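Undergrad: Following this message is one structure expressed as structure tokens.
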Amino acid sequence: KILMSDEVNLEAIASRTPGMVGADLANIVNEAALLAVRRGGERVEMRDFEEAVDRVMLGLEKKSRVMSPDEKERVAFHEAGHALVALSVRHADPLHRVSIIPRSIGALGYTLQLPAQERYLMTQDQLEDQIAVALGGRASEEIQYGGMVSTGAADDHQRASELARQMVTRFGMSDRLGKVTWGRSTGPQFLKLPFEMEERNYSERTAETIDSELRRILDDIYRRVMEILLKNREPMTRIARELIRKETLDRAELDRLMAAPLSEPALIAAR
């Protein structure tokens, strides 16, 4: 028989598992208990639950996937960029943890944010800050490596572009295009497909305006992200350095790194 530690934060676990049914939660509890047994613990601790949720949602750790020192440093700066922007913008969900441990879903690292409450509506500011966090990894690489970016930001670009397109074509958040919905969805109402089926109900001229507005939104937000990271380059370097050393950082550690004196010498030289 194994017991649960009194330090387990059930609210934090609940915030990480929205929409899960009883069977999913039972799977997480069982996985946490197995992890506690494997490490020889007498109680299931919060770290066991954290890892159990990560396994269910992100896949198993792939520590056998050995990255070169250069790749590991690049991933660390990439995730540090996401984390620092998430800590800097006003409307981002609270940052919970950052990791550069590869997972079986193919991710080389991740930045985990936990919403403070259920949200049914999103404002334009909230959407723009979501895009800013998504672009933080690419911007960090560009700053650290003198404009030499990698393919690691592909998923970030896709998510940012889709949010910006929704702002323009669905939510009426473009002054140039007005309060109009552009394009009609023709996909099944209750079946989620890996691609969006849309009937185009606008002219080529409007299509060019949509593309122009999409580019404007992303460029404006990217400039804001670059300003944030350039202003906080030393904290970004500290976070990346600590990620290389420890591979995973929680919120308390991130706050400590952000609060350190700016005169601290950077041990990873800027290129």
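Undergrad: If we scan the range 93-110, do we find a residue that is over 18 Å from L254 (Cα atoms), basic (K, R) and not in a loop (DSSP other than H, G, I, E, B)?
TA: yes
Undergrad: Are any residues in the range 103-147 open to solvent by 10 Å² or more (accessible area, probe 1.4 Å), in contact with a His (Cβ under 9 Å, 6 or more places away or on another chain), more than 22 Å from A52 (Cα to Cα) and hydroxyl-bearing (S, T, Y), and if so, which ones?
TA: T123
Undergrad: Let me ask another. Tally the residues that are under 30 Å from D129 (Cα atoms), small (G, A, S) and surrounded by fewer than 19 Cβ atoms within 10 Å (Cβ to Cβ), restricting the search to the range 26-83.
TA: 1
Undergrad: How many residues does the range 207-217 contain that are within 14 Å of L135 (Cα to Cα) and surrounded by 19 or more Cβ atoms within 10 Å (Cβ to Cβ)?
TA: 1
Undergrad: Say whether the condition of being out of contact with any strand residue (DSSP E or B) (no Cβ under 6 Å at 6 or more places or on another chain), open to solvent by 70 Å² or more (accessible area, probe 1.4 Å), modelled with pLDDT of 90 or more and part of a helix (DSSP H, G or I) is met by at least one residue in the range 236-246.
TA: yes
Undergrad: Hey, does the range 60-76 have a residue that's small (G, A, S) and modelled with pLDDT of 90 or more?
TA: The answer is yes; a qualifying residue exists.
The values are calculated or read from the model by the stated rules, or taken from the named source; none is laboratory data. Predicted model, so just to flag it, every value in this text is computed and none were measured. We place every Cβ from the backbone using ideal geometry, glycine too, and count neighbours over all the protein chains shown. Note: accessible area is taken over every heavy atom of the protein model, side chains too, but ligands, DNA and RNA are not part of it. Shrake-Rupley method; radii C 1.70, N 1.55, O 1.52, S 1.80 Å.
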